[in-house]
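The values are calculated or read from the model by the stated rules, or taken from the named source; none is laboratory data. Note that the structure is a prediction, hence the values are computed from the model and not measured. Neighbour counts run over all protein chains shown; Cβ positions are idealised from the backbone, glycine included.
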Amino acid sequence: MNENAESLSRRLIRNFNTAPTTHDVREPLYDSIGARLAPGTAAQKLGASIDTVAPGKMSCPYHFHYAQEEMFIILEGSGTLRVAGEMLPLRSGDVVFIPPGPEYPHQIVNTSDQPLKYLSVSTREQPEVCEYPDSGKFLAMASAGGERVFDVVQRRSNDLDYWDGEP
């Protein structure tokens, strides 16, 4: 490949089989290996990650986004989509569409005895607020230039008056 082709390849192509991964574990419920694929690419509005959830575990808490839309493509294994108070079966080949908003809180659970592997694709709308109905928390975040420049996790019960601390 020439230099221009190599540069294009670095900006436009990621292989999820060779992407660097992180292993997130929080016993007893959460255990997943994942790789974020979009950082360092030319992607402006899309994010992507590949996740493998251990048998009987979850990758993240039940939540919904106020800005971002998500799509999950089940590549290997089976499990359950907890969504809007229901439990829906998932299997290899399924594509899940989750629009933003409180109507579709969601969580993927590996209810099988084999690993569950899926590709996540999302819009990267900023700023973003993500709410966690089970724990009463929310995450407010903003990014600039591909770097997270603000994030705060709080409970609604920590709410302050608009004028608190102002002269």
For the subset of the range 22-37 comprising residues that are closer than 16 Å to LEU75 by Cα and touching a residue at least 24 places away in the same chain (Cβ under 8 Å), which member is surrounded by the most Cβ atoms within 10 Å (Cβ to Cβ)? SER32
Name every residue in the range 51-90 that is out of contact with any Gly (no Cβ under 8 Å at 6 or more places or on another chain), closer than 24 Å to ILE33 by Cβ and charged (D, E, K, R), in order of residue number. LYS57, GLU70, GLU76, ARG82
Determine whether the range 123-130 contains at least one residue that is part of a strand (DSSP E or B), surrounded by fewer than 17 Cβ atoms within 10 Å (Cβ to Cβ), among the aliphatic types (A, V, I, L, M) and touching a residue at least 40 places away in the same chain (Cβ under 8 Å). yes
If the requirement is being surrounded by fewer than 18 Cβ atoms within 10 Å (Cβ to Cβ) and not hydroxyl-bearing (Ser, Thr, Tyr), which of these qualifies: GLY79, GLY56? GLY56
Any chance LYS117 is under 16 Å from the mean Cα position of the chain (by Cα) and charged (D, E, K, R): yes
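Determine, yes or no, whether ALA84 is of a type in the set (Gly, Ala, Ser), surrounded by fewer than 17 Cβ atoms within 10 Å (Cβ to Cβ) and either touching a helix residue (DSSP H, G or I) at 6+ places or on another chain (Cβ under 9 Å) or farther than 19 Å from ASN15 by Cα (or both).
So ALA84 fits the description; yes.
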Quick check on TYR118: is it farther than 26 Å from VAL149 by Cα and in a strand (DSSP E or B)? yes
Going residue by residue through the range 54-69, is there one that turns out to be under 29 Å from SER135 (Cβ atoms) and of a type in the set (Lys, Arg)? yes
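Out of ASP113, ASP164, ASP151, which single residue is on the phi < 0 side of the Ramachandran plot, touching a residue at least 12 places away in the same chain (Cβ under 8 Å) and surrounded by fewer than 11 Cβ atoms within 10 Å (Cβ to Cβ)?
Values: ASP164 fails: touching a residue at least 12 places away in the same chain (Cβ under 8 Å); ASP151 fails: surrounded by fewer than 11 Cβ atoms within 10 Å (Cβ to Cβ).
Every option except ASP113 fails the conditions.
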Candidates GLY77, GLY85, filtered to the one that is at pLDDT 95 or above, more than 17 Å from the chain's Cα centre (by Cα) and more than 30 Å from SER7 (Cα to Cα): GLY77
Go through the range 48-92 and report how many residues are in a loop (DSSP other than H, G, I, E, B), over 15 Å from ASP31 (Cβ atoms) and free of Cβ contacts under 8 Å to residues at least 60 places away in the same chain. 4
